[in-house]
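Inspection log for the structure reproduced underneath, given as structure tokens.
Here, each number is a calculation from the coordinates, and none is a lab measurement. If you're wondering where the values come from, they're calculated on a predicted model, not measured in any experiment. Here the Cβ is made from the backbone with ideal geometry for all residues, glycine too, and neighbour counts use every protein chain on show.
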Amino acid sequence: MSGGSLFRRGETNHPLGTKSMSSKRLLGLLLVLPALLVIVVLFIIPLILSAVGAFKVDGAFGLGNFVKTFELYTQDIVFTLLITGLSTILIGAASVAIGGYLTLGEHPRAVAILKFLYRWPMFIPFIVVGQILRTFLAKNGMMNNVAIELGLTTPLDAVSLLDWRGIVIAFVWKQTPFVALLVSGAMASLNRDTIEAARNLGASRLRVLVEIIVPQVAMTLTVGLVLSFVTMMSVLSVPLMINAQSPTMLTADIAFRVNSYGDYGVANALGIVSLVLASSVAWIYLRASMKERA
Amino acid sequence: MKRLSYAAFAVAFAALPLHAEELTVATAGDQNMVDYINQYLGPLFEKTYPGDTVRAVGTGPGDSGSQKILERFDAQSAANTKIWDVDVAVVHEKFVGPMVTKHYLDKYRSDIDTGKLVTRGNAKMALGTDVDGYVMPMFNSQTAIAYNPDLIKNPPKSYTELADWVKAHPKQFGYNGIKGGASGVSFVMGWIYAFGGGDANVLMNGPFKEDETKKWDAAFKGLNEFNKNATLTPGNAGTLDMLARGEIAMGPVWVDMFYSWQASGQLPPTMKLVLPAPGMPGQPMHYVIPEKTAHKALAEKFIALATSPKVQAEGIVKRFNWYPGIDADKVKAELDQATWDKLFVDITPKDLADKGKPFPIAPYNNAILEAYEKQVK
């Protein structure tokens, strides 16, 4: 909508004739060209090559790579979807909670502290998160040791969280700040009248959050979660550091196919599968945004 | 005459800067491999041959590091590049075969003196491919089972005993599967050597026969059961970590990593090693020279220095606890008894000769890994 109106304004207000218009367009095209070339050469072409490679078996075209992919890795595909899906839901809940408190919190000091703290994980690379959690979540790791010291558990009951739970914890810890940043920004720019009105009419803060605020920032929340989902689908370091067993995430399988077998065919097929998973989520987002614009 | 000697001087001067060459050494493996070349071998070489410099490039840990070097060669070969940008490469055993078959390498071993000091069979055959003359082993590495003698008085001496032990002591044995590093892969290969139902020697030496791969079902079924009572660890270092924290009592490790961790205090000094029968695989890392290097003579000098008994003793055995790449007796002469004993205290040279196995040849290796992926869930 904003793009469309800008364009119209440019057309109607422009005093120049059509000839200079077209040369101007050419100039614009030229200016875009370097960026376009970079995208085509470094992104589009490799993507197409890898997509084509997924259908190549011993020099001929066929579905062999996909047969093998589903034969060996169906469990991992489901695992990846569940892990990323669960993480996305938890990230959504946590970032709404953080954004909600930043918007509705009544203790200025607590709000300031939370505002300062919540962003930190965003600046820590995934590999470091993996490394930290590897010692933190281990059976005799820091978390269990603290729990044992506090009398919350006993050494015999302590369990290692270095399996699928470790991956979920890593993802949620790392991605929540990013979504919370977007969501709290959107919440802060809301018209406060509706919030105040609801509060005046006696709505609890939780009710205001769920029924007034979240619906208004739903689009931003979706964008943040879609971006997080796609990011998490592509993380290799965390599953490698925490749980490269079976089942594991698709990224670990792709790396294993290439590094252990030098087999790019199945690796490409796995890549296509994860591309389909990621783009199905992007499609939901696109559809939602189209609906909003219509 | 005078003019002639001037001319000679001029030629000599013109030639001088040419002598200051830069040797590019690409190495697969962990950071310690890059450090070894940058901090030890490079400076030593530069001191021995003043004017020349060494540049080390690390291509990453594990097989993927070697895979990257192979792909680099593939690319330069496909592009018909006249002079390649790597002069010396250090790669895993598995990748030497393809490099030789594709005619990327120079057959240099007979050109250098230390070539005669190589005695082990793995310098002739690399997982089923004849590589004789193309490689010099940098070191030999071995996997074994590390255990905590405070908890285990009589460690299992064979895979069969180990399987029983694990049944009796659930979750006390940990290994890293096949996707988290080669110590787990090695354990699985040893499992197939022990229970595979075929002839392990065929797996190690070839030839590859499809029928052979059908014999492993029972072994993998057993491994599936075994895994239920085992702990799965995150990576080679993950197994050592868990041993150090007391979360597991036993697990397969690389011998050199084990000793290095003990030396740096990351692992209690009481921990011990055992090599269960029928044996576990180990592998060498090899020095190779691409045929299209611009610095062939210098590359040969570099490898000759790196494989000299003195450097093998000081650098390979003493610093890194690796088994030497050349004949161990020649290296022993350069070492004090204490250092020598330390390397062979838990695993004797006889153990090593009897139970230190090569990995299976590449097609069996891949078939075993894929069968594991299919059958062990």
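Whole-percent P(r), the protein assembly as shown, all Cα pairs, 10 Å bins from 0: 3, 12, 20, 21, 18, 12, 8, 4, 1, 0, 0, 0. Please work out the FRET efficiency for the pair residue B:167 and residue A:40, using the Cβ-Cβ distance as r and a Förster radius of 60 Å; give the result to the nearest 0.05. For R0 = 60 Å, the calculated efficiency reads 0.55. Exposure proxy shown here: for B:254, A:164, the number of other Cβ atoms within 10 Å sets the order, fewest to most, as A:164, B:254. When DSSP beta bridges are restricted to pairs lying wholly in the protein assembly as shown, around 60% turn out antiparallel.
Using Cα atoms only, what is the angle between the long axis of helix B:182-195 and the major principal axis of chain B, expressed in degrees (0 to 90) to the nearest 10? Its long axis makes an angle of about 50 degrees. Rounding to the nearest 10 and keeping the result within 0 to 90°, find how far the Cα-based axis of helix B:159-168 lies from the longest principal axis of chain B. Value to nearest ten degrees: 50. Within the listed set B:230, B:333, B:79, the Gaussian network model of chain B (springs between alpha-carbon atoms below 10 Å) gives the highest mean-square fluctuation for B:79. Cα centroid separation, segment A:136-183 to segment A:190-248: 21 Å. Candidate cross-link partners of residue B:228 among the lysines, defined by an alpha-carbon separation under 19 Å and a same-chain spacing of 8 or more, comprise A:139, B:167, B:171, B:179, B:374, B:377. In degrees from 0 to 90, rounded to the nearest 10, what is the angle of the helix B:362-375 Cα long axis to the longest principal axis of chain B? Roughly 40 degrees, rounded to the nearest 10. If you average the C-alpha positions of segment B:154-176 and of segment A:22-92 separately, how far apart do those two centres end up, in angstrom? Segment B:154-176 and segment A:22-92 have Cα centres separated by 44 Å. Computed on segment A:67-293, the Cα convex hull volume stands at 155 Å³ per residue. Once the gyration tensor of the Cα atoms in chain B is diagonalised, the equivalent ellipsoid follows with semi-axes of 41, 23, 17 Å, ordered largest first.
Taking the fewest neighbouring Cβ atoms within 10 Å as the starting point, the ordered list for B:46, A:292, B:370, A:106 is A:106, A:292, B:46, B:370. What FRET efficiency would be calculated for the residue pair residue A:107, residue B:119, taking the C-beta separation as r and a Förster radius of 60 Å, to the nearest 0.05? Working from the Cβ atoms, E equals 0.20.
Considering only alpha-carbon pairs that sit under 8 angstrom and 6 or more positions apart, the relative contact order computed for chain B is 23 percent.
Residue by residue along A:67-80, Cβ atoms of other protein chains within 10 Å of the local Cβ number 1 on average.
Once the convex hull of the alpha carbons of segment B:221-377 is built, what does its volume come to per residue, in cubic angstrom? Spelled out: Cα convex hull of segment B:221-377, divided by residues, is 160 Å³. For chain A, the relative contact order comes to 27 percent (Cα pairs under 8 Å, sequence separation of at least 6). Highest GNM mean-square fluctuation among B:219, B:297, B:144, for chain B modelled with Cα contacts below 10 Å: B:297.
With a Cα cut-off of under 21 Å and a minimum spacing of 8 residues unless on different chains, the lysine pairs in segment B:259-357 number 22. If you count Lys pairs in segment B:36-157 whose Cα atoms are under 24 Å apart, skipping same-chain pairs closer than 8 places in sequence, the total is 15. What residue among B:258, B:187, B:208 shows peak mean-square fluctuation when chain B is described by a Gaussian network model with Cα springs under 10 Å? Between B:258, B:187, B:208, it is B:208 that shows the largest mean-square fluctuation. In order along segment B:173-179, the phi-based Karplus estimate (6.51 cos²θ - 1.76 cosθ + 1.60, θ = phi - 60°) of 3J(HN,Hα) comes to 9, x, 8, 9, x, 10, 9 Hz; Gly and Pro are listed as x.
The mean count of C-beta atoms from other chains within 10 Å of the C-beta of residues in B:225-235, rounded to a whole number, is 3. Sorting B:373, A:196, B:225 by the number of Cβ atoms found within 10 Å of their own Cβ, with the fewest placed first, yields A:196, B:225, B:373.
Every helix of 4 or more DSSP H residues in chain B counts as -39500 (n - 2.57), and over all residues that averages to -12500 deg cm²/dmol at 222 nm.
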